[in-house]
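Everything on this sheet refers to the single structure shown next.
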């Protein structure tokens, strides 16, 4: 049987896109190589590091483990789709302001995962934040400032001021 | 000098933060050049084998394959290359599992991968030397033929230190690459005078630097005799020199463009993948991209050496140390260059030992060659000495912190190599730790424990240069050749702004490529703010002098009477007499402008080191049934001289602590007896996750360096150093067992508890 490319239609960051893909191509590869959305990173290719996290119909997935054709007819949101124009997602603002990034390679995946968390649970405890982000490896920060950044967004959403000092349990 | 807008010490946002949170930041894997091909490497499944034959015809016949290279296609490849980078492809013999034996360039990555399966390699598998102690024995399978010459430009780059007596190779063929000795006083007499002697063997396994971005490079011959490479690397100049030497080119024929780097930690210094990528690009006449997989990264990159430390120390009842004897065995994999001296110096140098004898042995094995990993050698040596300091204090019934304070080396005290300690903040760090509430208020409880350790990094030094250019709108551009790993460009922005008297926003910092950047050393050894920062400061001072000179002509006032504030140069005490920076920018650049362009130049060399020390306190709970360690609280105290930007410094402290904790508790590359890696995935090679770690509390200590800009010292390396010892000491405190073999996995903890003599007090 000859393997042929197929037309994949999906919605990426609110836009309908049509691309020719091989059946073996992952969603990650198609986003990066065919659609030019290189903000989503490949850190391991086996779902262990979380660098490639995107939202598929609002659910976080490691896009290296999703075949592109599995995304047919579905909605994908990547790091490039979180900001609207110059207006960054509050999580993007908070990661920048709290110094919650260093080399930055894991950050797109981490911010997308944090977005999924706050969409489902706008006011997580620090423990819940850590559990949600446990699949997003970061080698630079030690995660402390991630938690502070996410907590700050959650607190601002409450109309309160970001907690400082120790973590909330 | 009046500083109207002080920015040193401010928590300004990282310069490139917005590029990184939006996904705009460009790493080499993100870049695509017109006509670009994709490369893959065929790697040896064996740790040691002779290559009898390689057949590539079937691979070449696959549609979409543009080029297949083997060692036979590379002229002048050495049979016994001195460095890993020069072993571009294996010639006749492979020395570690994963060593590249052939390379393919194809239209897409899938075709390249398919082609690898069509290459036939006929191997004669040979016995391999894997365990370092076995590898030292006579008759062990040899990693290299002939004598070994150590090339350690990289090791020198990290920490400029005088070595001990070096004895290389010898006459008989051996896997021992280097032996060093450090001696002082009379060790036998020292032990005879001791009331307590502790002797233990410590081991730190091979660990991977764990950067999240796998190595990636793009090579492009943009002219027939000129190569441009786009890299994720820690230093464009070092990489250019190495690449030019390997390819037989003049440095002027190579341009290295550093893009964003997704973590390096010492591993992204040597050109491991760039040479073969360049050769594929030359052969095909097309740009070629090579991106490693995580599996390749774990199997065949350049991790940190396994280190075995046999350590014996003695002390008197009054708390005085009497003697230290150590043997350090460092497994450097298949090429020499491990940080043996650093480990030895720290073992014998942190505390005052009148009598000491340290032997260091670097041994080669059939494993991947090793590279620097954040404070190379320091966590290893520190784990041993700081575990043993606790053991001595316990045996003597002395307070652990007090015992350290009583014996810690001071400025001027000799290190094992005789070199005096430069002024440093070790004592101050210990004092701050001793005073920390978590330490002071800890109360013993079953299964809980607290531990501390201190560790340091001597600090790298190197010449550096930088320029500060004034733009027509009165803003400034700082240009350096330093790759920004840790936020150094943000620190440069603050340094330049502070000197110039402008807000940080008026300064942009650019890392230029190897053609256009002022010279700077690689980003390694915790020396970028210390050295390049000094050059930026000098360049900004030069620019400031030029601005004041121009303004003095404009305002008819002496330069010494002028000040820069609020975007203006004005006469001190007469604020109505001013000229704006924007006007100076205009008048020094426009057609027919009256003044010279403001172009500050800073060119310095720093010849004094400023060691940085970090002390860490870990409070743990240990489950005796499962051996699971939970870190309840963790504190990192660190002397950084001056925190140019506390947020960035805290990030270094927290990230370094996390890596130290990983070495302590979960990370090790595990090889079988044939040298095959048993855990080549991030599921099995466990980096610390968000749920493994507690919040890491940071306490910044500032004992100013006499040499660094505004008193700053290197901040990157020290925080990885003391963690393993602090955790071992905390676990000892919790369960009464000494853990001397890293990582301290649950299995090892349960085994230690089970082998504990039943007569010993068990606090659980």
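The values are calculated or read from the model by the stated rules, or taken from the named source; none is laboratory data. Everything numeric here is computed off the predicted structure, so don't read it as measured data. Don't worry about glycine lacking a Cβ; one is built from the backbone with ideal geometry, like all the others, and counts go over all protein chains shown.
Key figures for this structure:
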| read-out | value |
| --- | --- |
| Of all residues in the range B:243-280 being assigned to a loop (DSSP other than H, G, I, E, B), touching a residue at least 12 places away in the same chain (Cβ under 8 Å) and over 21 Å from the mean Cα position of the chain (by Cα), the one that is farthest from the other protein chains (Cβ to nearest Cβ) | B:248 |
| Residue tally, condition assigned to a loop (DSSP other than H, G, I, E, B) and surrounded by fewer than 21 Cβ atoms within 10 Å (Cβ to Cβ), over the range B:696-708 | 4 |
| The listed residue being at pLDDT 95 or above, within 14 Å of chain A (Cβ to nearest Cβ) and under 25 Å from the mean Cα position of the chain (by Cα), out of B:32, B:11 | B:11 |
| Hits in the range B:255-274 - residues which are surrounded by 24 or more Cβ atoms within 10 Å (Cβ to Cβ) and in contact with a helix residue (DSSP H, G or I) (Cβ under 6 Å, 6 or more places away or on another chain) | B:256, B:258, B:269, B:271, B:274 |
| Any hit, the range B:429-443, residues being touching a residue at least 40 places away in the same chain (Cβ under 8 Å) and crowded, with 22+ Cβ neighbours inside 10 Å | yes |
| Search result, residues across the range B:668-694 that are more than 11 Å from every other protein chain (Cβ to nearest Cβ) and under 16 Å from residue B:720 (Cα atoms) | B:668 |
| Helices (runs of 4 or more DSSP H) (entirely within the range B:383-447) containing at least 2 residues that are within 21 Å of residue B:311 (Cβ to Cβ) | B:400-407, B:426-434 |
| Residue match in the range B:296-311 (condition: without any contact (Cβ under 8 Å) to a residue 40 or more places away in the chain and assigned to a strand (DSSP E or B)) | no |
| Lone qualifier among B:660, B:651 - being within 17 Å of residue B:208 (Cβ to Cβ), within 22 Å of the chain's Cα centre (by Cα) and part of a helix (DSSP H, G or I) | B:660 |
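Residues are listed down the side, and each one gets a yes or a no for (1) part of a loop (DSSP other than H, G, I, E, B); (2) under 21 Å from the mean Cα position of the chain (by Cα); (3) within 26 Å of residue B:42 (Cβ to Cβ); (4) modelled with pLDDT of 95 or more:
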site: B:322; (1), (2), (3), (4): no, no, no, yes
site: B:335; (1), (2), (3), (4): yes, yes, yes, yes
site: B:373; (1), (2), (3), (4): yes, yes, no, yes
site: B:380; (1), (2), (3), (4): no, yes, no, yes
